[in-house]
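S.K.: Okay, here's the structure, questions in a sec.
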Amino acid sequence: MRILFFGDVFGKAGRSILFAHLRSMINEYKTDFVIANAENLADGKGLTERTLKPVFAAGVDAVTSGNHLWDREESLDYISREPRIIKPMNYPAAAPGNSRYILQKEDSKLEIICLTGQIFMPPCNSPFEAFDGFWAARDTSLPLFVDVHAESTSEKRALGWYMDGKAAVMVGTHTHIQTADEEILPGGMAYISDAGMTGAHDSVIGVRKDIILEKLSTSVPHRFESAHSGLMVNAVLVDLDEDRNTALQIQRLRYSVEV
Ligand SMILES: [Fe+2]
Ligand SMILES: [Fe+2]
């Protein structure tokens with residue numbers, strides 16, 4: 001089974017990359033499942049039905065999320081209704097959304113969850129405890145894909161060791177900066193600290209760089225606007241051994257594109 005995962009798809013720039021290139025990537029890489037982190041899909045702040053539906057239509061099978069998932073009040077109902085949007089499992093149960101989703105195509109099945117980190121992040125419950133509770137109550141033995149949405153590479157690395165031997169894949173997200181530490185851990189789990197950002201890299205993590213420079217150099221708040229140039233795919237390809245629920249290889253994708 002081959003999985004293509006896109007790190008945080010940011011705003012119109014990120015969406016336009018998927019619209020222009022996803023079909024040919026699916027054909028070229030012969031992927032079975034496509035997953036994307038969509039917490040920044042709508043102008044960097046959360047997602048909407050209007051922005052997500054075309055992304056599903058373009059070939060994304062399910063989306064993970066993070067701290068920005070609930071940024072738009074008008075989307076809360078859609079988030080509750082659409083099971084292919086996976087919310088972080090370690091947020092309160094009352095937060096709208098589905099925390100587990102099973103993808104199926106022909107004979108292949110893949111279970112997906114998402115966790116957020118606690119270091120330099122908005123408050124959430126322990127991702128370790130949430131994973132333990134999930135694992136103890138699990139009623140499937142399907143390959144498990146986990147998006148760990150967190151700022152700290154040490155916390156993500158620790159969660160990687162924690163889940164190795166259980167999950168088949170752990171991809172990090174949230175920093176929008178891809179890390180060059182992809183590997184298969186000893187227990188067979190594919191790991192990367194951060195898959196990066198699919199969007200406009202002539203920016204500071206997706207936002208117009210002149211605005212961020214002004215803000216950080218003066219400490220005066222400014223309204224954020226999404227950047228539009230320097231388009232890049234940041235993603236990973238993972239091959240799984242479905243009989244053993246382990247990963248065979250993980251490959252980073254990071255390249256410039258035009259739309
Ligand atoms: Fe993000
Ligand atoms: Fe985030």
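Read-outs: derived from the displayed coordinates by stated rules, not from any lab. Given the structure is predicted, the values throughout are model-derived calculations rather than measurements. Using ideal geometry, Cβ is built from the backbone for each residue, glycine included, and neighbour counts are taken over all protein chains shown.
S.K.: Given Cα pairs under 8 Å that are at least 6 residues apart, what percent is the relative contact order of the chain?
M.R.: 19
S.K.: Using Cβ counts within 10 Å as a stand-in for footprinting exposure, how do Arg223, Arg23 rank, fewest first?
M.R.: Arg223, Arg23
S.K.: For a quick check of your reading of the filter: which GluC sites (Glu not before Pro) in region 74-157 sit in a DSSP loop and have no more than 15 other Cβ atoms within 10 Å?
M.R.: Passing sites in region 74-157 are Glu106.
S.K.: How large is the dipole of the chain about the Cα centre if only Lys and Arg carry +1 and Asp and Glu carry -1, each at its Cβ, rounded to the nearest 20 debye?
M.R.: 420
S.K.: Treating the Cα atoms of the chain as identical point scatterers in vacuum, please give the log10 of the normalised Debye intensity I(q)/I(0) at q = 0.13, 0.15, 0.17 Å⁻¹, two decimals.
M.R.: -0.76, -1.04, -1.36
S.K.: Here's a follow-up. Which value in deg cm²/dmol, rounded to the nearest 500, describes the helix-derived mean residue ellipticity at 222 nm for the chain, given -39,500 (n - 2.57) per DSSP H run of n ≥ 4 and division by the residue count?
M.R.: For the chain, the value works out to -7500 deg cm²/dmol.
S.K.: Turning to a different aspect of this structure: Working out 0.36 nm times the residue gap between Glu258 and Tyr162, then minus their Cα-Cα distance, what length gain in nm do you get to one decimal?
M.R.: That pair, Glu258 and Tyr162, stretches by 30.7 nm at full extension.
S.K.: Additional query: Fewest first, what order do Tyr91, Tyr255 take by the number of other Cβ atoms within 10 Å?
M.R.: With the sparsest Cβ surroundings first, the list reads Tyr255, Tyr91.
S.K.: Among all the lysines, which ones have a C-alpha under 24 Å from Lys45's C-alpha, if same-chain residues fewer than 8 places away are not counted?
M.R.: Partners within reach: Lys12, Lys53, Lys87, Lys156, Lys209, Lys215.
S.K.: In the neighborhood of Ile85, defined by Cβ-to-Cβ distances under 11 Å, what is the net charge if each Lys or Arg adds +1 and each Asp or Glu adds -1?
M.R.: Within the 11 Å Cβ shell, the charges total 0.
S.K.: Please arrange Ile35, Ile119 by counting, for each residue, the other beta carbons lying within 10 Å of its beta carbon, fewest first.
M.R.: Ile119, Ile35
S.K.: When the Cα centres of region 42-63 and region 174-212 are compared, how far apart do they sit, in Å?
M.R.: Taking the Cα centre of each part, region 42-63 and region 174-212 sit 19 Å apart.
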